[in-house]
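Taking it in order: structure first as C-alpha cells, then the write-up.
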Amino acid sequence: HYLSEAALLFEEGAGITKVDETLLAFGMPMGPFTLADTVGVDIGAKVAEILHNAYGRRMMVPDVMGQMVKNGWLGKKTGLGFYRHKGKRSSDINSGLLKLQKIHQDFAGATIIDRTILSMINEAARCLEEDVVDNARYLDMAMVMGAGFPAFRGGLMRHADDLGLSTIISKLEHLHKTCGDRFSPSQLLVTMAEKNKTFYGGNS
C-alpha cells in the first residue's frame, strides 16, 4: 500500500518530492518513491500485480509503474526511475515522468499521510481479522523491525490507537467515497470502534 498509494497519488497530480518529504517527516526511513527506485520499479509493479490478482480492488495496480517498466525506468539499477541516479547519488526528478501526469495539484501533507498510512492500518487490521497474524504486538514488531515503520510511533496498530479508531473510520469512509473500494474500512476496525475498543489496553 505504501508504494502503490504513493504512485496513485502521483497519477492524480501529486509531486514526487512533496510525497517523499512528507512521509520522511512522518518518520518513515525512506519516501515511497525513493524506496521504489531502491528496490526496483519492476519489482514493485510485479508485487502490485500479484496482490491485485489475489485481492482485487483492495490492491490497485498503478498504471504509471507499468509504463515505467516499459520505458526501462526501473530505478537505481538503470539510472532512471522516479529520480535520476548517478553513482550513489540521486539528483533531480525524472522529467519524463511529468508527461505521464495528466494534471498537477498540490496535495496537503495530511492527505498524503492519510492515504498512505491509513491504508496500511486498514490492511493490517484485515490481517488480524483473517488470522494472518496472531495479535497487534506481533504485527507492530514486524512493521517496525522489518518494514521500517517509525519505532517512536510504536507500530501501525499502536499508532491507530493513538489516532483513535473512530477518527480512522471517519477518514476511511471519506476516502472510500472519494478514492474507491480499497479504503472500505475493515470489519474489525468498525467493530472495535463501535465497542470503543483499542488494540492495546481494551477500552479507549
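Rank Pro29, His176, Met157 by how far each Cα sits towards the positive end of the charge dipole of the chain (+1 on Lys, Arg Cβ; -1 on Asp, Glu Cβ) and give me just the farthest.
Most positive-ward Cα: Pro29.
Which of Met60, Ala6, Ser95 sits closest to the plus end of the dipole of segment 2-100, meaning its Cα is farthest towards the positive end, when Lys and Arg get +1 and Asp and Glu get -1 on the C-beta?
The residue sitting most towards the positive pole is Ser95.
Taking 8 Å as the Cα distance limit and 6 or more residues as the minimum spacing, I'd like the relative contact order of segment 109-203 as a percentage.
Rounded, it is 30 percent for segment 109-203.
With a sphere of radius 10 Å drawn around the Cβ of Tyr55, what net charge do the other residues whose Cβ falls strictly inside it have (Lys, Arg +1; Asp, Glu -1)?
Here the count lands on +3.
Send over the semi-axes of segment 156-199's equivalent ellipsoid, whole angstrom and largest first, taken as the square roots of 5 times the C-alpha gyration tensor eigenvalues.
Value: 18, 11, 8 Å, ordered largest first.
Where nothing but the Cβ of Lys and Arg (+1) and of Asp and Glu (-1) is charged, how large is the charge dipole of the chain around its Cα centre, in debye to the nearest 20?
Around 600 debye, computed over the chain.
In whole percent, what relative contact order does segment 1-69 give with Cα contacts below 8 Å and a gap of six or more residues?
That works out to 35 percent.
Can you quote the Å³ per residue value for the convex hull of the Cα atoms in segment 32-96, rounded to an integer?
74
Expressed as a rounded percentage, what relative contact order does the chain have, with Cα pairs under 8 Å and six or more residues apart?
It rounds to 21 percent for the chain.
Suppose only helical runs count, i.e. DSSP H with n ≥ 4. What mean residue ellipticity at 222 nm does that imply for the chain under -39500 (n - 2.57) per run, divided by all residues and rounded to the nearest 500 deg cm²/dmol?
Rounded to the nearest 500, it is -16000 deg cm²/dmol.
Write out the GluC sites (Glu not before Pro) in segment 55-162 meeting two conditions: DSSP loop, and at most 16 other Cβ atoms within 10 Å of their Cβ.
When the GluC sites (Glu not before Pro) of segment 55-162 are filtered for loop state and at most 16 Cβ neighbours within 10 Å, Glu130 remain.
Calculate log10 I(q)/I(0) of segment 109-203 for q = 0.16, 0.19, 0.23 Å⁻¹, where I(q) comes from the Debye formula with a single equal point scatterer on each Cα and nothing for solvent.
After summing over all Cα pairs, the log10 values are -0.61, -0.87, -1.27.
How do Tyr55, Tyr83 line up, fewest other C-beta atoms within 10 Å first?
Final ranking by Cβ density, sparse to dense: Tyr55, Tyr83.
Measure up Lys76/Lys99; Lys46/Lys76; Lys46/Lys197; Lys18/Lys99; Lys18/Lys171 against 25 Å on the Cα-Cα distance and list the ones that go over.
Distance filter (> 25 Å) returns Lys46/Lys197.
Quick note: the coordinates plus some simple rules give every number you see, no bench work behind them. Keep in mind that this is a model prediction, so the values were computed, not measured. FYI the Cβ positions are ideal-geometry reconstructions off the backbone, even for glycines, and counts take in every protein chain you see.
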